[in-house]
Ligand SMILES: [Zn+2]
């Protein structure tokens with residue numbers, strides 16, 4: 001057993017000596033093609049590997065499919081339409097000496113990665129190290145963070161540390177593409193610690209808040225056919241064109257009228273992404289007819305506190321108004337569908353003891369205080385903050401190309417995170 005005063009040095013030293021293992025564990029996780037394949041997913045093999053790893057550390061294990069959890073599908077945060085067969089969540093618990101009375105800490109990660117990306121310089125599931133970066137699908141989002149949290153527990157175990165409170169390492173399915181059901185299922189299963197850290201890749205900030213967002217598909221149906229002197233052909237692509245211009249205007253106008261959330265003042269402005277536009281049923285170069293329909297998909301982010309109704313009335317309300325004033329759309333049929341669940345933003349107070357503890361230990365390891373800012377994305381953390389008793393912060397690595405080809409994570413951050421996570425566990429759970 002290491003004396004408390006020397007613990008910091010011991011953790012630093014152990015993790016530095018085992019840095020290679022942190023990277024190897026990240027690489028092992030990347031090799032699994034754990035893609036989110038809505039409505040299903042290929043996470044199982046990766047999850048079994050996580051379970052074996054945690055079993056090897058003598059953690060208490062709970063392995064279950066979200067759909068077998070009581071109350072799952074009836075919960076207000078449940079989102080329908082996904083299949084959980086062969087998609088187990090894995091929760092490992094390192095029991096403390098005073099499980100019932102002492103504060104517990106959870107590290108929660110997801111192992112699903114986005115599918116359907118082509119090209120890129122690096123193979124997605126064969127990790128490559130180059131300089132200070134580690135490339136591979138999920139390296140940044142968020143298998144590197146998962147590896148760091150597992151290694152943090154191993155570090156404390158091997159140093160002979162005994163904590164009073166429990167430490168949880170959770171690995172869930174179905175987070176990408178508007179998931180969150182995996183995270184919800186674990187809460188309903190009863191795995192609720194006194195605090196949680198989610199190592200989503202926020203660039204080594206301590207984030208007491210994260211954004212949310214909503215996605216809609218707008219389809220306009222016209223009168224298709226060939227212009228053989230026929231009358232009455234209406235091209236829905238022009239209608240979509242008007243809406244695209246309107247969305248751009250709305251984005252600019254919203255950013256001017258909104259006061260930035262206090263945790264987002266250094267990066268003001270909420271993103272709006274036109275993620276897909278399509279029209280025409282022919283292969284490129286094979287048809288010259290007016291398309292039967294044209295379609296766009298738009299994703300708009302919000303600050304914590306904005307509801308689905310707020311966003312719907314603001315964005316979709318405006319687009320409906322534009323449609324009413326646009327003759328070409330008036331001559332067509334317009335359909336608006338919500339594509340994925342609305343992901344709310346959420347936050348905990350900046351002066352929350354969890355934020356203070358993580359920030360203090362971050363500073364000890366990195367030798368400078370962290371930036372305390374909102375995470376620049378939507379994620380499943382709202383499940384903790386809005387639907388469970390567990391307050392949650394985000395602290396994950398730097399890197400880039402999450403949800404794109406050539407995703408990478410900053411190697412040194414995985415090492416620093418392992419140290420910060422180990423020290424936070426000892427401090428929080430004593
Ligand atoms: Zn993620």
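The values are calculated or read from the model by the stated rules, or taken from the named source; none is laboratory data. Predicted model, so just to flag it, every value in this text is computed and none were measured. All Cβ positions, even for glycine, are placed from backbone atoms using ideal geometry, and neighbour counts span all protein chains on display.
So, of the residues in the stretch 186-218 that are in contact with a strand residue (DSSP E or B) (Cβ under 6 Å, 6 or more places away or on another chain) and farther than 24 Å from residue 402 by Cα, which turns out to be farthest from the ligand (Cβ to nearest atom)?
This residue is 218.
Would you pick out the residues in the stretch 40-59 that are in contact with a strand residue (DSSP E or B) (Cβ under 9 Å, 6 or more places away or on another chain) and closer than 16 Å to residue 113 by Cβ?
Taking the stretch 40-59 and keeping what is in contact with a strand residue (DSSP E or B) (Cβ under 9 Å, 6 or more places away or on another chain), we get 41-43, 46-48, 50-51, 53-55, 57-59.
Of everything in the stretch 40-59, those that are in contact with a strand residue (DSSP E or B) (Cβ under 9 Å, 6 or more places away or on another chain) and closer than 16 Å to residue 113 by Cβ turn out to be 41, 42, 43, 46, 47, 50.
Pick out the one residue from 11, 2 that is over 26 Å from the mean Cα position of the chain (by Cα) and modelled with pLDDT of 95 or more.
Only one candidate passes the filter, namely 11.
Just the residues that are within 20 Å of residue 193 (Cα to Cα) and assigned to a helix (DSSP H, G or I), please, taken from the stretch 138-178.
Matches in the stretch 138-178: 145, 146, 147, 148, 149, 150, 151, 152, 153, 154, 156, 157.
From 33, 47, which residue is out of contact with any helix residue (DSSP H, G or I) (no Cβ under 7 Å at 6 or more places or on another chain) and in a helix (DSSP H, G or I)?
47
Collect the residues in the stretch 396-412 that are under 20 Å from residue 366 (Cβ atoms), within 14 Å of the ligand (Cβ to nearest atom) and not in a strand (DSSP E or B), keeping them in residue-number order.
Hits for the stretch 396-412 are 396, 397.
In the stretch 315-333, which residues are surrounded by 15 or more Cβ atoms within 10 Å (Cβ to Cβ) and in contact with a helix residue (DSSP H, G or I) (Cβ under 8 Å, 6 or more places away or on another chain)?
315, 318, 319, 322, 323, 326, 328, 329, 332 - these are the residues of the stretch 315-333 that are surrounded by 15 or more Cβ atoms within 10 Å (Cβ to Cβ) and in contact with a helix residue (DSSP H, G or I) (Cβ under 8 Å, 6 or more places away or on another chain).
Within the stretch 344-376, count every residue that is touching a strand residue (DSSP E or B) at 6+ places or on another chain (Cβ under 6 Å) and within 14 Å of the ligand (Cβ to nearest atom).
1
Across the stretch 409-421, what is the number of residues that are over 18 Å from residue 176 (Cβ atoms) and touching a strand residue (DSSP E or B) at 6+ places or on another chain (Cβ under 6 Å)? Step through it out loud before you land on a result.
Of all residues in the stretch 409-421, those over 18 Å from residue 176 (Cβ atoms) come to 410-421.
Now narrow it down to the ones that are touching a strand residue (DSSP E or B) at 6+ places or on another chain (Cβ under 6 Å): 410-411.
Of the residues in that region, 2 qualify.
For the stretch 377-395, enumerate the residues that are farther than 20 Å from residue 340 by Cα and within 13 Å of the ligand (Cβ to nearest atom).
The answer is 394, and nothing else.
Could you grab the pairs with beta carbons closer than 8 Å, sequence gap of 6+ or different chains, first residue in the stretch 100-120 and in the same structural domain as residue 44 (by TED's automatic domain parsing) and more than 25 Å from residue 168 (Cα to Cα), second one part of a loop (DSSP other than H, G, I, E, B) and away from the ligand (no atom under 16 Å from the Cβ)?
Within 8 Å, the pairs are 117/405; 118/405; 119/405; 120/405; 120/406.
Would you please name the residue that is nearest to residue 115 (Cα to Cα), looking only at residues in the stretch 377-395 that are in a loop (DSSP other than H, G, I, E, B) and out of contact with any strand residue (DSSP E or B) (no Cβ under 6 Å at 6 or more places or on another chain)?
380
Can you pull out the residues in the stretch 305-327 that are under 22 Å from the mean Cα position of the chain (by Cα) and not in a helix (DSSP H, G or I)?
305, 306, 307
For the stretch 130-149, enumerate the residues that are away from the ligand (no atom under 16 Å from the Cβ) and either out of contact with any helix residue (DSSP H, G or I) (no Cβ under 6 Å at 6 or more places or on another chain) or modelled with pLDDT under 95 (or both).
Answer for the stretch 130-149, where residues must be away from the ligand (no atom under 16 Å from the Cβ) and either out of contact with any helix residue (DSSP H, G or I) (no Cβ under 6 Å at 6 or more places or on another chain) or modelled with pLDDT under 95 (or both): 130, 131, 133, 135.
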